[in-house]
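Colleague: Handing you this structure, nothing more for now.
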Amino acid sequence: MAKPGRISAKPLSVLLNDVFSEAYAKQGFAARELVTRWADIAGAEIARHSEPLKMQWPRPVQGQPQEPATLILRVEGPAALEIQHSSDVILQRVNRFFGWSAVGRLALRQAPLSRRKAPVRGRAPDPKAVAKVAETLSAVEDEELRAALARLGAAIKRN
């Protein structure tokens with residue numbers, strides 16, 4: 001009987017590559033890197049207040065060169081004016097990323113950004129509660145384990 005071949009797991013990004021590529025293509029993005037690397041392309045300050053929404057390509061006219069696309073950015077309301085004043089810089093950075101003049105103008109849409117906020121870290125449990133729980137853990141010999149269990153117990157009781 002022959003041995004079964006080696007089974008190797010494929011990364012999720014490889015399996016979903018076609019799905020993501022199709023979704024980005026529907027929004028006019030030839031490559032998803034413009035969205036995923038927006039902070040690297042536009043700069044941290046601009047990326048903090050904006051995100052690429054889609055690219056609109058004009059219909060090609062036969063015999064004419066392809067016109068550059070319009071990059072539509074979702075921008076937080078208060079930062080829209082600043083982003084508009086920085087549009088030349090953004091266009092230069094995006095076109096430098098593509099390596100050719102792919103984008104000719106920006107269009108801004110004021111709306112809340114879709115990215116998720118960083119999770120809020122909980123506060124440390126009360127030291128008195130930790131000490132109270134630690135008293136009940138006299139059977140645990142390891143000091144570090146006892147302290148960790150006491151913090152866990154106090155945090156669970158708090159919630």
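The values are calculated or read from the model by the stated rules, or taken from the named source; none is laboratory data. None of the values given here were measured: they were computed from a predicted structure. Quick reminder, even Gly has a Cβ in these numbers, built from the backbone with ideal geometry, and neighbours come from all protein chains shown.
Colleague: Given the conditions (1) exposed (fewer than 12 other Cβ atoms within 10 Å of the Cβ); (2) at pLDDT 65 or above; (3) small (Gly, Ala, Ser), report the number of the one that Ser50 does not fulfil.
Modeller: (1)
Colleague: Going through the stretch 89-100 one residue at a time, which ones are surrounded by 15 or more Cβ atoms within 10 Å (Cβ to Cβ) and of a type outside the set (Phe, Trp, Tyr)?
Modeller: Within the stretch 89-100, Ile90, Leu91, Arg93, Val94, Asn95 qualify.
Colleague: Moving on. Report, by residue number, each residue of the stretch 68-88 that is exposed (fewer than 13 other Cβ atoms within 10 Å of the Cβ) and modelled with pLDDT of 90 or more.
Modeller: The first filter runs over the stretch 68-88 and keeps only residues exposed (fewer than 13 other Cβ atoms within 10 Å of the Cβ), leaving 77-78, 81, 85, 88.
Result: Leu81, His85, Asp88.
Colleague: Now, a different point. Looking for whichever is under 30 Å from Val35 (Cα atoms), out of contact with any Leu (no Cβ under 6 Å at 6 or more places or on another chain) and surrounded by fewer than 10 Cβ atoms within 10 Å (Cβ to Cβ) here; the options are Pro65, Pro58. Which one fits?
Modeller: One residue alone meets the criteria, Pro65.
Colleague: Please identify the pairs in which a residue from the stretch 47-59 that is in a loop (DSSP other than H, G, I, E, B) has its Cβ atom under 8 Å from the Cβ atom of a residue that is of a type in the set (A, V, I, L, M) and buried (at least 18 other Cβ atoms within 10 Å of the Cβ), counting only partners at least 6 apart or on another chain.
Modeller: Between residues of the stretch 47-59 that are in a loop (DSSP other than H, G, I, E, B) and residues that are of a type in the set (A, V, I, L, M) and buried (at least 18 other Cβ atoms within 10 Å of the Cβ), the close pairs are Trp57/Ala69; Pro58/Ala69.
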